Amino acid sequence: MGWHLKNLEINLKAIFFNTAFLLVLGFNFFNPATVLAAETKRTHAIAMHGEPKYQAGFKYFDYVNPVAPKGGAMSQGSLGSFDSLNGFIIKGEAADGLGVIYDTLLTASADEAFSRYGLLAHSIEMPEDRTWITFFLRPEARWHDGQAITADDVVWSFETLVKKGPPFFRFYYGDVEKVEAIDKLTVKFTFKPVGNRELPLIVSEMPILPKHYWENRDFEKTTLEPPLGSGPYKIGKFEPGRFIEYERVKDYWGKDLNVNIGHNNVDTFRYEYFRDGSVAVEAFKGGAFDFRSENISKVWATGYDIPAVKNGLIIKEKITHHNTAPIQGFIYNSRNEMFVDVRVRQALAYAFDFEWSNRNLFYGQYKRTRSYFGNSELEAKGLPTGDELTILEKYRGRIADEVFTNEYNPPATRGDGRIRDNLKIADELLKQAGWEIIDGKRVHIKTGQELSFELMLVQPTMERIALPFSKNLERLGVFMRVRTVDSAQYLKRLETHDFEMISMIWGQSLSPGNEQLNYWGSEAAKQNGSRNHMGVSDPVVDELITGLIQSPDRKQLVARTRALDRVLQWGHYLIPHWYADYDRVLYWNKFSRPDVELPYGFRISTWWYDEAKAKATNGGISGLKPQ
């Protein structure tokens, strides 16, 4: 995941590069636990549970081509604009892909759920209870200006991100008690004794920033001056709002590390910006950029019936994975008075006809979202039993009774557009909540307020899903205005939670932890810039998140995550959307990749520019007739 706010908001245009190309940053997590350490362990890697797959001294990861050629260029399209190269503050629109210019203490492997290996740090030491961790930095690690990376840089990065960065960092690193430079190349993180076993992994993923570069600059301001980094790429040419290029650092200090071999193969990676998705699609088909991750089902089904795909100049494929499905939906801002009553939130969901949309708009490509941790063992299904039931029992009377009596599933239809039965249920729920129809409008009988709100969108492609939903709501006397705004306005209103309803997506990990506080925690609900857009503010949810973070082993993590999932499901904070258990990708046939199927999604950082393919494809592009 790249380190700028736009990516933290998980907008779809950034997912490809930040989860695939930016393997150098990975999403790292780890854990500490209780009080005094009986003994410590010095090691090359850490895992959330159990032991890392790769032993000390491994040559390279199993899923890479260790002799992949370096060279060539790759590009992808991006929607919106950018006006800043500082990806660590709320202000401005940061460029996509900035994460490639920074290194982290440890880095992820792509074939394990949650393990981290030495990058800036060659080894680590920690006690069994994980109440602290010490990182031993590589003496050869360098910034792009040649200066050594030191423990002072690590301490400064932590303190600056927590004090001046977005709320995400304060929530994520909230259980860090202190950070201290033991010597020039040794830094120690000490944690609060709260049983947070994830913390060593979490701090290992922190992007490390150059103290000497930022000392005479204002960290809290946007900038178009390319910042100093230490990673495999640096910023090259760019024009704000039009494109940005990242150039491979030929003398990159870490190019021969085992964790980097076979990665970062192209010399140049470029983002081409487009204001409109349809224009971006046509630009891709015309050869304006190389790679596209398609998130519009209609375009996937009908938009690429062109000679370039048929004759193999463009490769179109589904790449399966076993990742936890992101949670996606039309979300209520429950801070708004009209959405405080859970019955209102539950009622409006009956007006969304997913089955009709899937059949008529999505070409049957999606499965219905029903869980905050779907497509994984973390998903709450059936009724709670065993450890999960034990966890939930102490909250009986404080959580929905249905948690114990019914499996949650979103309202379903036959898909024929006839949803009268669902609307009758919705009408009854609204009446129970005090909303009656008066002169064709749904009005609260005590306050006289009309049930009318705005759905704010940032992508026009969502309008085709939202408008039929709006029509169904009208039959209930509820009026939903669909409004699409530009990305700058959208981000600003998102940061201040200035909306009534939006379409939102949260990426989830197979090892959830501290990020859940920022997603659904009560403190996050009060903070501008947090990702608790729904405004969840529930002491039970807070306690469940704390329990999840303190899970002593995988078995308890699964049980505690399912308990949290179940309470959120029955909170009706969103109208669930859909997901696919595969990635839809298209690329001009200029690249090769290792013949290994990864369980958690493809990693484009392991692809390489194939001279022979590129020569044939470039000739084919020039020979194509205009479409």
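The values are calculated or read from the model by the stated rules, or taken from the named source; none is laboratory data. These numbers were taken from a predicted model, which means no experiment stands behind them. Note that we place each Cβ from the backbone using ideal geometry, even for glycine, and neighbour counts take in every protein chain shown.
Among the residues that make up segment 233-253, is at least one of them at pLDDT 95 or above, out of contact with any Leu (no Cβ under 6 Å at 6 or more places or on another chain), in a loop (DSSP other than H, G, I, E, B) and surrounded by 21 or more Cβ atoms within 10 Å (Cβ to Cβ)?
Yes, segment 233-253 contains at least one residue that is at pLDDT 95 or above, out of contact with any Leu (no Cβ under 6 Å at 6 or more places or on another chain), in a loop (DSSP other than H, G, I, E, B) and surrounded by 21 or more Cβ atoms within 10 Å (Cβ to Cβ).
So which helices (runs of 4 or more DSSP H) are wholly in segment 274-392 and hold at least 1 residues that are in contact with an Asp or Glu (Cβ under 9 Å, 6 or more places away or on another chain) and crowded, with 22+ Cβ neighbours inside 10 Å? Show your work before the answer.
On the way: elements: 277-285, 297-302, 307-310, 342-349, 354-360.
Those helices (runs of 4 or more DSSP H) span 277-285, 342-349.
From L494, L476, L429, which residue is of a type outside the set (S, T, Y), in contact (Cβ under 8 Å) with a residue 12 or more places away in the chain and assigned to a loop (DSSP other than H, G, I, E, B)? If you could, list the steps in order and put the result at the bottom.
Numbers: L494 fails: assigned to a loop (DSSP other than H, G, I, E, B); L429 fails: assigned to a loop (DSSP other than H, G, I, E, B).
Criteria check complete, one pass: L476.
Suppose the filter is under 28 Å from F602 (Cα atoms) and surrounded by fewer than 22 Cβ atoms within 10 Å (Cβ to Cβ); does S115 pass it?
Working: under 28 Å from F602 (Cα atoms): yes; surrounded by fewer than 22 Cβ atoms within 10 Å (Cβ to Cβ): no.
So S115 fails the test.
State the number of residues belonging to segment 443-470 that are in a loop (DSSP other than H, G, I, E, B) and surrounded by 18 or more Cβ atoms within 10 Å (Cβ to Cβ). Steps first, answer last, please.
Keep residues of segment 443-470 that are in a loop (DSSP other than H, G, I, E, B), which gives 445-449, 451, 458-459.
Now restrict to residues that are surrounded by 18 or more Cβ atoms within 10 Å (Cβ to Cβ): 451, 458-459.
The number of residues fulfilling the criteria is 3.
Checking E220 against (1) under 28 Å from the mean Cα position of the chain (by Cα); (2) assigned to a loop (DSSP other than H, G, I, E, B); (3) more than 17 Å from N86 (Cα to Cα), which test does it fail?
Just one mismatch for E220, condition (3).
Name the residue that is surrounded by the fewest Cβ atoms within 10 Å (Cβ to Cβ), counting only residues in segment 393-408 that are under 27 Å from E355 (Cβ atoms) and in contact (Cβ under 8 Å) with a residue 40 or more places away in the chain. Full working, then the answer.
Going through segment 393-408, the residues under 27 Å from E355 (Cβ atoms) turn out to be 400, 402-403, 405-408.
Checking the rest, the ones that are also in contact (Cβ under 8 Å) with a residue 40 or more places away in the chain come to 400, 402-403, 408.
Details: A400: 17, E402: 12, V403: 21, Y408: 19.
Only one residue fits best here, namely E402.
Go through V585, V558, V541, V536 for me and flag whichever is touching a strand residue (DSSP E or B) at 6+ places or on another chain (Cβ under 6 Å), aliphatic (A, V, I, L, M) and surrounded by 18 or more Cβ atoms within 10 Å (Cβ to Cβ).
Working: V558 fails: touching a strand residue (DSSP E or B) at 6+ places or on another chain (Cβ under 6 Å); V541 fails: touching a strand residue (DSSP E or B) at 6+ places or on another chain (Cβ under 6 Å); V536 fails: touching a strand residue (DSSP E or B) at 6+ places or on another chain (Cβ under 6 Å).
The unique qualifying residue is V585.
For segment 387-425, which positions are closer than 18 Å to R368 by Cβ and in contact with a Pro (Cβ under 8 Å, 6 or more places away or on another chain)?
P410, N422, I425
Answer yes or no: is there a residue in segment 167-182 that is assigned to a loop (DSSP other than H, G, I, E, B), farther than 29 Å from S78 by Cα, touching a residue at least 24 places away in the same chain (Cβ under 8 Å) and touching a Pro at 6+ places or on another chain (Cβ under 7 Å).
Step one: of segment 167-182, the residues assigned to a loop (DSSP other than H, G, I, E, B) are 173-175.
Within this subset, residues satisfying the condition of being farther than 29 Å from S78 by Cα are 173-175.
Filter once more, so that each one left must be touching a residue at least 24 places away in the same chain (Cβ under 8 Å): 173-175.
Applying the additional criterion that residues be touching a Pro at 6+ places or on another chain (Cβ under 7 Å) yields none.
No; the residues of segment 167-182 include none that is assigned to a loop (DSSP other than H, G, I, E, B), farther than 29 Å from S78 by Cα, touching a residue at least 24 places away in the same chain (Cβ under 8 Å) and touching a Pro at 6+ places or on another chain (Cβ under 7 Å).
Looking at (1) of a type outside the set (A, V, I, L, M, F, W, C); (2) more than 21 Å from R343 (Cβ to Cβ); (3) surrounded by fewer than 24 Cβ atoms within 10 Å (Cβ to Cβ), which is the only condition S551 fails?
For S551, the exception is condition (3).
Is it true that E388 is among the acidic types (D, E) and out of contact with any helix residue (DSSP H, G or I) (no Cβ under 6 Å at 6 or more places or on another chain)? Let's see the steps before the verdict.
Numbers: among the acidic types (D, E): yes; out of contact with any helix residue (DSSP H, G or I) (no Cβ under 6 Å at 6 or more places or on another chain): no.
Here the answer is no, as E388 does not meet what is asked.
Every residue, every condition in (1) touching a Gly at 6+ places or on another chain (Cβ under 8 Å); (2) assigned to a loop (DSSP other than H, G, I, E, B); (3) modelled with pLDDT under 95, yes or no:
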residue	(1), (2), (3)
P512	no, yes, yes
N528	no, yes, yes
M534	no, yes, no
E543	no, no, no
A559	yes, no, no
V567	no, no, no
G601	no, yes, yes
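Report yes if some residue within segment 207-223 is within 21 Å of L557 (Cβ to Cβ) and either in contact with a strand residue (DSSP E or B) (Cβ under 8 Å, 6 or more places away or on another chain) or among the basic types (K, R) (or both); otherwise report no.
Scanning segment 207-223 turns up no residue that is within 21 Å of L557 (Cβ to Cβ) and either in contact with a strand residue (DSSP E or B) (Cβ under 8 Å, 6 or more places away or on another chain) or among the basic types (K, R) (or both).
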